[in-house]
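Q: I'd like to ask some things about the structure below.
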Amino acid sequence: MVEWPGISSADTMMSSLSRGAWSDVGLPDPHRWPSRLQAMVDLIAASPQPMAILWGDRRARIHNDAYETMFCEGMFAQLGTSGRAMPLAPGESLLHELAFNGTASSLHDVLRPCEPGLIRDAIPVDITCSPLPDEAGGITGVLLAFLFRGHADKPGEENILAQSRARQEGLHSLRNALGVVRMIIRRTMSASLNRETALMHMEGRIDAFSRIQMAIGTAAGARGIYLADVIGDELAVHLARDGEALVLAGPELELSFKTAEMLALAFHELATNAVKYGALSVEDGKISVTWAVQRRSRVPWLILDWKESGVFSVRKGQGGFGTELLLLLLPDELGAVTDLDFQSDGLEFHLELPLQGGPFRP
């Protein structure tokens with residue numbers, strides 16, 4: 001097994017982690033970091049949005065490639081330094097303190113200073129700061145995310161800000177992405193029975209969110225993500241592939257980024273349940289996912305059915321985060337109509353979802 005963080009191309013955050021003086025800020029070598037920190041680093045590495053983590057009492061600083069492009073000189077020299085020494089926007093230090101005390105908050109349209117020595121002095125951004133709870137419910141770190149708000153007005157600034165805007169095209173909005181991360185952390189901690197279960201579930205959900213963020217980040221210039229890819233990527237994690245234990249059938253269909261994010265989490269919950277209790281827990285189990293598009297009052301709707309079979313002793317889960325996501329959050333976030341039914345030979349999930357932007361096709 002390749003030791004985390006694995007092999008990365010040169011001049012990226014992941015390839016630069018080993019160069020940080022982590023002991024100076026109270027952390028061991030990266031391959032010995034807590035699994036929760038590793039999962040959050042994977043998340044920001046996959047994001048095209050500028051993001052940073054402050055971790056532990058000394059606020060060890062870890063930031064991604066987009067942050068380095070926007071605020072630094074490109075050499076990742078600040079990795080492994082204390083976040084207390086980083087240049088801050090007016091009022092940003094209060095955001096950090098609030099987050100380390102458990103409260104998420106934001107600043108809007110503020111000038112965030114760059115590292116000393118750069119041609120540009122500061123960049124106008126929105127800043128969101130969210131707490132990262134540990135297994136005991138305390139706050140171990142905070143997650144910072146930045147959204148560019150202004151226009152270039154200094155020589156040499158046009159190129160760097162154009163790169164920043166290009167990186168942001170993959171996400172529907174920064175607030176939506178951070179809202180999903182906060183939701184995963186908060187609701188996983190509240191729904192789990194013990195620390196070990198909470199950590200396992202949280203890592204799985206953050207991994208699923210990282211995968212869809214990676215897909216969004218690589219979809220430069222695209223208007224959405226293909227539904228079949230969203231489903232197939234989640235099931236492939238559990239070695240279920242189209243044509244074997246899995247059948248996918250439906251028209252080629254692109255989803256908006258926000259819709260793809262939420263459905264990726266939904267399919268993660270369905271796939272995890274199938275591994276524990278359903279079709280992927282038995283030798284002859286099958287999963288069929290079919291979909292179509294219908295027009296209702298000029299609005300196209302996605303109609304999708306997930307059906308499991310070959311499970312002759314259907315077991316229901318605990319009715320926690322997964323059930324809440326499928327039956328409550330999808331309707332709240334996307335205006336969907338959903339139904340979850342445990343048939344005699346397997347689980348069935350029905351989804352009806354308005355595609356407000358229309359079903360995007362090539």
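Every number here is computed from the coordinates shown, using simple stated rules; none is lab data. All values derive from a computational prediction rather than experimental measurement. Virtual Cβ from ideal backbone geometry, glycine too; neighbours counted across all protein chains shown.
Q: Using the Cα centre of region 222-354 as the reference point, and only Cβ charges (+1 on K/R, -1 on D/E), how large is the resulting charge dipole? Debye, rounded to the nearest 20.
A: Details: 11 positive and 21 negative charges, 54 e Å.
So the dipole magnitude of region 222-354 works out to roughly 260 debye.
Q: Calculate, in nm to one decimal, what R298 and E283 gain on full extension: separation in residues at 0.36 nm each, minus their alpha carbon distance. Show your work: numbers first, answer last.
A: On the way: separation 15, 0.36 × 15 = 5.40 nm, distance 4.38 nm.
So the extension gain works out to 1.0 nm.
Q: Set the Förster radius R0 to 25 Å, insert the Cβ-Cβ distance between L98 and K276 as r into 1/(1 + (r/R0)^6), and round the FRET efficiency to 0.05.
A: On the way: r = 37 Å, r/R0 = 1.49.
Efficiency, rounded to the nearest 0.05: 0.10.
Q: Tell me, F100, F257 in order of fewest to most beta-carbon neighbours within 10 Å? Mind dumping the intermediate values first?
A: On the way: F100 19, F257 23.
Listed from fewest to most nearby Cβ atoms, that is F100, F257.
Q: Efficiency by 1/(1 + (r/R0)^6): what FRET value for A122 and V337, r their Cβ-Cβ distance, R0 = 35 Å, to the nearest 0.05? Numbers along the way, then the final one.
A: Values: r = 47 Å, r/R0 = 1.33.
Taking R0 as 35 Å, the efficiency between A122 and V337 is 0.15.
Q: To continue, here is another question. Whose amide H sits under 5 Å from the amide H of G141, counting only residues 5 or more places off or on another chain, with H placed in the peptide plane?
A: Amide H to amide H, under 5 Å and 5 or more residues apart or across chains, G141 pairs with G56, L132.
Q: What is the extension gain from L327 to E352, computed as 0.36 nm multiplied by their sequence separation minus the C-alpha to C-alpha distance, in nm to one decimal? Before the final figure, lay out the partial values.
A: On the way: separation 25, 0.36 × 25 = 9.00 nm, distance 1.17 nm.
Taking 0.36 nm per residue and subtracting the Cα distance, the gain is 7.8 nm.
Q: Could you list which residues have their amide H under 5 Å from that of Y226, counting only those 5 or more apart in sequence or on another chain, with H placed in the peptide plane?
A: L255
Q: At R0 = 51 Å, how high is the FRET efficiency between A85 and T197 if r is their beta carbon distance? Nearest 0.05 is fine.
A: Values: r = 37 Å, r/R0 = 0.73.
Efficiency computed from Cβ-Cβ geometry: 0.85.
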